[in-house]
Amino acid sequence: MKQSTDDIFTRLPIVFSIAILCTLLWGSAYPAIKTGYALLSIEAHDVASQMVFAGQRFFLAGIFLFIIARILKKPSMSMTLPKFSQLAALGLSQTTLQYIFFYIGLAYTTGVKASIMNATGTFFSVLLAHFIYQNDRLTHRKALGCAIGFLGVFIVNFHSSLLDFQFSLAGEGSIVVAAFFLASASIYGKRLSQKMDAMLMTAWQLAIGGAALLVIGYLSGGHSVEFHFSSVLLLIYLALLSSAAFALWSILLKHNPVGMITIFNFLIPIFGSLLSALFLNESILEWKNLLALMLVCSGIYLVTRSKRQ
């Protein structure tokens, strides 16, 4: 049965479909979070309230995954102190610290620059995997694919403000640190998933990371979600997309080379831009959106082709 599962999650059509679904879900979080901030009157520089909102989203996502695991009758995980420490380290790095640095950086730079700098996480993942896994070495084709994908992210976010090449540690620097935490945590999660169920691992890391964000946000003066029909629906959607995307992504990383999966991350800002245009009544038929999508798809093709030849 295990061999059958391994085989399913290494088939290219299934891998591609799941990876694209995950990035589409994460991309849909862009307009959803913007809508949430508007509904809840959370200002752009109110980092504490943003942490509370994110904490509620991820903690609820973890609870949803525990419920789904119970419905699927997955064997319960015997919890020991070393195992809990590993899960806590994963949750605090992949969810808590990553989002703290991301929100801090976002307060000191533009959303456009943040989206581009955040894409450096794919480079970190590919480089770290090169030194950790012998079957995931950096090749010329993979490096070219990453560069082309990054160019696509740059183009979809291109704005005249990018001509100002100022770099601040609090702004762009924090975004890069956030990207590094996410990349390193993804590789750490891949290692943990070899010894435990990927869904339960994801449930624990989301619940722990979300709870930590909640505590830090409240202690920093953040305010909670006002529970009315619209905000509850939005929070449930964000939690469901997080639980589904993170769980599926963890399964893909468990059964495939890191570099082959993380290259799909370049699709997130593309989908984010397209869906924001669709749901927030922005212009969608722009040449840069189509060009960026073509470049990212070309980059994905180069990286995944290099792994299968």
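Looking at segment 107-120, is at least one residue small (Gly, Ala, Ser), in a helix (DSSP H, G or I), under 19 Å from VAL176 (Cα atoms) and free of Cβ contacts under 8 Å to residues at least 60 places away in the same chain?
Taking every residue of segment 107-120 in turn, at least one turns out to be small (Gly, Ala, Ser), in a helix (DSSP H, G or I), under 19 Å from VAL176 (Cα atoms) and free of Cβ contacts under 8 Å to residues at least 60 places away in the same chain.
Can you tell me how many residues in segment 243-287 are in a helix (DSSP H, G or I) and closer than 18 Å to GLY121 by Cα? Working first, answer last.
Residues of segment 243-287 that are in a helix (DSSP H, G or I), as a first pass: 243-255, 258-279, 287.
Narrowing further to those that are closer than 18 Å to GLY121 by Cα: 245-246, 249-250, 252-253, 258-272.
Within segment 243-287, residues that are in a helix (DSSP H, G or I) and closer than 18 Å to GLY121 by Cα number 21.
Hey, among the residues in segment 31-59 that are more than 26 Å from LEU200 (Cβ to Cβ) and polar (S, T, N, Q), which one's surrounded by the most Cβ atoms within 10 Å (Cβ to Cβ)?
Checking each candidate, the answer is GLN50.
Go through (1) surrounded by 19 or more Cβ atoms within 10 Å (Cβ to Cβ); (2) more than 16 Å from SER186 (Cα to Cα) and name the single condition HIS140 misses.
All conditions pass for HIS140, except number (1).
With respect to the numbered conditions (1) touching a Lys or Arg at 6+ places or on another chain (Cβ under 9 Å); (2) surrounded by 19 or more Cβ atoms within 10 Å (Cβ to Cβ); (3) basic (Lys, Arg), which one is the sole condition not fulfilled by LYS83?
In the conditions (1) touching a Lys or Arg at 6+ places or on another chain (Cβ under 9 Å); (2) surrounded by 19 or more Cβ atoms within 10 Å (Cβ to Cβ); (3) basic (Lys, Arg), LYS83 misses (2) alone.
If a residue must be at pLDDT 80 or above and either touching a Ser or Thr at 6+ places or on another chain (Cβ under 9 Å) or farther than 15 Å from GLY173 by Cα (or both), how many such residues does segment 79-121 contain? Please lay out each step first, then the result.
Here is the first cut: in segment 79-121, the ones at pLDDT 80 or above are 79-105.
Now drop any that are not either touching a Ser or Thr at 6+ places or on another chain (Cβ under 9 Å) or farther than 15 Å from GLY173 by Cα (or both), which leaves 79-96, 100-105.
Residues flagged as at pLDDT 80 or above and either touching a Ser or Thr at 6+ places or on another chain (Cβ under 9 Å) or farther than 15 Å from GLY173 by Cα (or both) within segment 79-121 amount to 24.
Name the residue, out of SER76, SER28, that is small (Gly, Ala, Ser), at pLDDT below 90 and either loosely packed, with under 12 Cβ neighbours inside 10 Å or outside any helix (DSSP H, G or I) (or both).
Values: SER28 fails: either loosely packed, with under 12 Cβ neighbours inside 10 Å or outside any helix (DSSP H, G or I) (or both).
From the options SER76, SER28, the qualifying one is SER76.
Based on this model, can you work out whether TYR237 counts as more than 21 Å from ALA29 (Cβ to Cβ), part of a helix (DSSP H, G or I) and among the aromatic types (Phe, Trp, Tyr)?
Working: more than 21 Å from ALA29 (Cβ to Cβ): no; part of a helix (DSSP H, G or I): yes; among the aromatic types (Phe, Trp, Tyr): yes.
The answer is no for TYR237.
The values are calculated or read from the model by the stated rules, or taken from the named source; none is laboratory data. Please read all numbers here as calculations on a predicted model, not as lab measurements. We place every Cβ from the backbone using ideal geometry, glycine too, and count neighbours over all the protein chains shown.
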